[in-house]
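Novice: One structure coming up, written as structure tokens, with questions to follow.
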């Protein structure tokens, strides 16, 4: 009786050992060299002695990667080969899959196998990873991916791939549009551009070398879209210098103007988050809007409307058209990516109730047209269209006295500014209400214009809110 009981206990123990070998938890490849010691933790077995880096085996079949450390450049593809080595007699179908070590490891990443199901006669498949260029620049980053192989019966095996994401080398292009506060009507002699000063040039910040605003450079309607007139032929790109809307003067290797705008401080703030060169495209013009202005030049056609209109209160499309032409020229010359549209305007539409009531509709149409009609860049069709994620940022108008009082038309325009994120997708506004004297002196003329201290602060804020508009 005792002998029978002992025999039964021995058979039960052996059965338990045998069953333990059928557990279907994953076996993960080691990232160490062959011959390193294996270990077990949390039900996942690391490949042990004899298992090469990037490979895993469960004794029935093994999974090997042609390269377990590779680089994917944003906007391109990279392919590795996944190889299966079967043990004698193993003919079951092996299914392949990919997962991230964390959810962040697969964010914005896509992949495709040439074959996700390997029959008994097949022993390899190509795995291609891709990552589209996003709305804003990225930094270098490392992703850990798990390549899984299972035959539905034995343990799943996992080969680990270390994927380095490299940002696109393409330039970052930003379009600057609006009226005088985007042009930069700071106080006279405000520019501080010596080395180490806030307005000093930076070689990583360039600009389209635009022709200065005025009838001397834009004598006809056609000149607003003529490439030989919207920028300086033979020297289309230069280092960015204030005033951005003035052309570069080779005689002095710089610019005579001593006022600044917000564009350069915006770009300096943006440098922290990109490895590319930044190109600014100045396209603003003072005393302009959607509303027809009382001015002798261009017979009321100098405006920002996206489409021609018969409404006598509204202006024309010349500045809208020129902005698109300048953006297209900059994208072509730099091979860059349109990363955002910066707008500061509103004053010219705030003294006419008819214009103020149309402001929401007009700014929606303007942004939709710019996003749609500026030529495609390396982001492709996904980055064009009225609702495309090309961030749009604007700033509120000055409240420096006497402009702290707002008549009804100006209140309407101001309300549109503050509600822009509900009017235009992927947009945000910079609140400039606190940029008033005495801490923030006014600009040229009076406080309708921001001074240099305000403009530098606004430029930095524009970038922070541009990231918010892009969803970051």
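Novice: Taking R0 as 25 Å, what FRET efficiency do you get between residue 189 and residue 295 from their Cβ-Cβ distance, rounded to the nearest 0.05?
Specialist: 0.40
Novice: Can you give me the pair-distance distribution of segment 342-472, C-alpha pairs, 10 Å bins, whole percents?
Specialist: Each 10 Å bin holds this share of Cα pairs: 13, 39, 34, 13, 2.
Novice: Further question on the same structure: With a point put 7 Å past each Cα toward its Cβ, work out how far residue 162 is from residue 83 in nm, to one decimal.
Specialist: In this crude label model, residue 162 to residue 83 measures out at 2.1 nm.
Novice: Quick one: angle between helix 2-20 and the longest Cα principal axis of the chain, in degrees between 0 and 90, rounded to 10, please.
Specialist: With rounding to tens, the tilt is 30 degrees.
Novice: Neighbour counts of other C-beta atoms within 10 Å: give me 111, 304 arranged from fewest to most. Show your work: numbers first, answer last.
Specialist: Numbers: 111 18, 304 31.
Ascending Cβ contact count within 10 Å gives the list 111, 304.
Novice: Bin by bin, in steps of 20 Å, what percent of the Cα pairs in the chain do you find, going until the bin that has the longest distance?
Specialist: 22, 39, 21, 14, 3, 1
Novice: In square nanometres, what is the average projected area of the Cα convex hull of segment 310-410?
Specialist: Details: hull surface 30.0 nm².
Mean projected area for segment 310-410: 7.5 nm², to one decimal.
Novice: Something else about it: From the helices alone, meaning DSSP H stretches of at least four residues, give me the mean residue ellipticity at 222 nm for the chain, per-run term -39500 (n - 2.57), in deg cm²/dmol to the nearest 500.
Specialist: On the way: 8 runs with 102 residues, N = 472.
Roughly -7000 deg cm²/dmol at 222 nm, from the helical runs in the chain.
Novice: Let me ask something additional. Classify segment 166-252 as rounded, prolate or oblate from the Cα gyration tensor: take a ≥ b ≥ c as the square roots of its eigenvalues, call it rounded if a/c is under 1.5, otherwise prolate when a/b beats b/c and oblate if not.
Specialist: oblate
Novice: In what sequence do 79, 288 fall when counting other Cβ within 10 Å, fewest first?
Specialist: Listing 79, 288 from fewest to most nearby Cβ atoms yields 79, 288.
Novice: I've got another one for you. Order by neighbour count: 429, 113, fewest other Cβ atoms within 10 Å first, most last.
Specialist: Result, fewest neighbours first: 113, 429.
Novice: Work out Dmax and Rg for segment 340-393 from the C-alpha atoms and quote the Rg first, both in angstrom.
Specialist: In Å, with Rg to one decimal and Dmax whole: 13.3, 42.
Novice: So, how do all the Cα-to-Cα distances of segment 357-434 break down into 10 Å bins, in percent, from 0 on up?
Specialist: Whole-percent P(r) values from 0 Å outward: 18, 43, 26, 11, 2.
A short reminder: the numbers here are calculations on the coordinates, not readings from a lab. This structure is a prediction, so every number in the text was calculated from the model and none was measured. Ideal geometry is used to build each Cβ from the backbone, glycine not excepted, and the neighbour counts take in all protein chains shown.
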